[in-house]
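Working notes, beginning with the structure itself.
What follows draws every value from the coordinates through simple rules; no lab data is involved. In this text, all values refer to a predicted model and were calculated from it rather than measured experimentally. Heads up, the Cβs are rebuilt from the backbone with ideal geometry, glycines too, and the neighbour counts pull from every protein chain shown.
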Amino acid sequence: MLRVDPLDKANPRDGGGGAVSAGTKIAVRGLAKQFQAGAATVSALEGCSIDVAEGEFVTIVGPSGCGKTTLLRIVAGLETPSQGSVSIRHRDAGKPLSTMVFQETSIFPWMTVRANVGYGLMLRDVPRAQIDPVVDKFLALTGLERFADAYPYQLSGGMKQRASVARAFANDPEVLLMDEPFAALDEQNKILLQEELLRIWGETRKTVLFITHSIDEALVLSDRVLVMSARPGRIKADLRVNFPRPRAAMDLRGDPDYARLSREIWLMLREEVVGR
Ligand SMILES: Nc1ncnc2c1ncn2[C@@H]1O[C@H](COP(=O)(O)OP(=O)(O)OP(=O)(O)O)[C@@H](O)[C@H]1O
């Protein structure tokens with residue numbers, strides 16, 4: 001059963017896969033998910049367990065169809081697991097538990113960029129005088145100040161995705177869940193948005209769980225990379241990424257450790273994609 005519960009040091013939740021340590025922000029335990037597709041049963045996840053520490057940026061890579069989106073949707077509470085549990089430590093009851101950023105544009109077409117970015121705060125009845133500076137801050141961090149009064153149809157794909165990222169951070173959730181948010185962008189916009197995300201994350205130190213197909217993106221952004229097995233997905237490897245921050249994406253790519261980690265992850269993924 002799904003349990004998105006406050007974790008309490010004195011009363012750690014344990015969904016059956018092991019203890020939850022004190023610094024843990026997200027604890028996924030023994031997650032399994034089966035879908036019914038007509039007469040067939042599709043096993044998307046099996047025995048999937050994850051710990052994400054408070055303030056950590058964790059990326060998940062895995063073969064296509066291995067259950068990455070299913071896992072993130074369960075963590076977001078959008079999908080119910082067949083087995084296992086998810087716990088998220090909810091420190092501030094005034095803040096939303098999680099916000100999800102999707103691959104496809106999810107900003108509202110009938111609202112200006114400013115209204116979109118401030119939407120989550122407005123829903124929580126935060127006074128306008130408090131919303132404006134927050135919105136201005138995230139518009140500036142995503143380079144959208146000049147487009148604050150524009151509507152989504154007036155923006156490029158990269159700008160719309162910037163607005164989605166700005167809205168997610170402005171909403172100030174306890175946990176940010178990002179499902180291939182830059183996958184639909186061209187290479188230049190992708191690199192620019194990765195740099196912006198690194199900068200914003202450096203300022204906010206939000207707990208982030210980020211799905212990508214790109215080994216490069218995972219290494220540039222995250223503190224840890226989790227590699228998933230082919231379906232039914234489980235965590236096959238957990239690799240620490242120790243490049244110092246703040247990071248300059250282009251500099252990292254010349255680092256010998258970048259090449260080593262990149263190769264290590266690719267070999268694990270290859271094994272899953274082509275079979276042993
Ligand atoms: N609602 C659903 N009904 C039936 N099967 C589903 C449903 N959602 C997902 N699946 C199946 O579960 C498996 C995992 O899907 P999921 O989208 O989580 O994988 P993914 O790793 O995110 O894929 P990709 O990398 O291609 O985006 C796939 O085989 C998919 O077809």
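On a straight-distance basis, which lysines could pair with LYS33 in a cross-link, Cα separation under 25 angstrom, same-chain partners fewer than 8 positions away excluded?
Correct list for LYS33: LYS25, LYS68, LYS236.
Starting from the amide H of SER98, placed 1.01 Å from N in the peptide plane, find each other amide H under 5 Å away whose residue is 5 or more places distant or on another chain.
GLU174, VAL175
Rounded to the nearest angstrom and ordered from largest down, what semi-axes does the equivalent ellipsoid of region 106-172 get from its C-alpha gyration tensor (root of 5λ)?
18, 12, 10
If the only charges are +1 at each Lys and Arg Cβ and -1 at each Asp and Glu Cβ, what is the size of the charge dipole of region 106-172 around the Cα centre, to the nearest 20 debye?
Approximately 140 debye in magnitude.
Once each part is reduced to its C-alpha centroid, what is the distance from region 189-203 to region 46-104 in angstrom?
What the calculation gives is 21 Å, centre to centre.
Would you order SER229, SER49 from fewest to most other beta-carbon atoms within 10 Å of each residue's own beta-carbon?
SER49, SER229
Compute the distance from the alpha-carbon center of region 124-187 to that of region 226-263, in whole Å.
27 Å
Order the peptides 260-269, 62-71 from the highest to the lowest mean number of other Cβ atoms within 10 Å of their residues.
Going from most to least packed, we get 62-71, 260-269.
By what distance, in whole Å, do the Cα atoms of the chain stretch along each of the three principal axes, largest value first?
52, 44, 42
Which of LEU71, VAL58, PHE147 sits farthest toward the positive end of the charge dipole of the chain, with +1 on the Cβ of Lys and Arg and -1 on the Cβ of Asp and Glu?
Most positive-ward Cα: LEU71.
How high is the relative contact order of region 106-172, given as a whole-number percent (alpha carbon pairs under 8 Å, six or more residues apart)? Spell out each step's value before the answer.
Values: 80 pairs, mean separation 34.3, N = 67.
Relative CO of region 106-172 lands at 51 percent.
If you plug each phi of region 196-209 into the Karplus form 6.51 cos²θ - 1.76 cosθ + 1.60 with θ = phi - 60°, what whole-Hz ³J(HN,Hα) values come out, in order, with x for Gly and Pro?
Each residue of region 196-209 in turn: 5, 4, 4, 5, 5, 4, x, 7, 9, 6, 5, 6, 10, 10 Hz.
What are the residues whose amide H is under 5 Å from the amide H of SER82, where those residues sit 5 or more places off or on another chain and H is modelled from the backbone?
Sorted by chain and number, the residues that satisfy this are ALA32, LYS33, GLN34.
Normalised by the residues of the chain, what does the relative contact order come to in percent, with Cα pairs under 8 Å and at least six apart?
24 percent
Given contacts defined as C-alpha pairs under 8 Å and at least six residues apart, what's the relative contact order of region 151-276, whole-number percent?
21 percent
Given the rule -39500 (n - 2.57) for each run of at least 4 DSSP H residues, summed and divided by the residues of the chain, what is its mean residue ellipticity at 222 nm, to the nearest 500 deg cm²/dmol?
Per the formula, -10500 deg cm²/dmol.
For region 82-93, take each phi angle, set θ = phi - 60°, evaluate the Karplus expression 6.51 cos²θ - 1.76 cosθ + 1.60, and give the result in whole Hz per residue in order, putting x for glycine and proline.
Per residue, the Karplus-derived 3J(HN,Hα) values read 6, 8, x, 8, 10, 10, 10, 6, 9, 7, 10, 4 Hz.
Can you list the HN-Hα couplings for region 242-249, worked out from phi with the Karplus curve (6.51, -1.76, 1.60; θ = phi - 60°), rounded to whole Hz and with x for Gly and Pro?
Per-residue couplings from phi come out as 9, 4, x, 10, x, 9, 10, 3 Hz.
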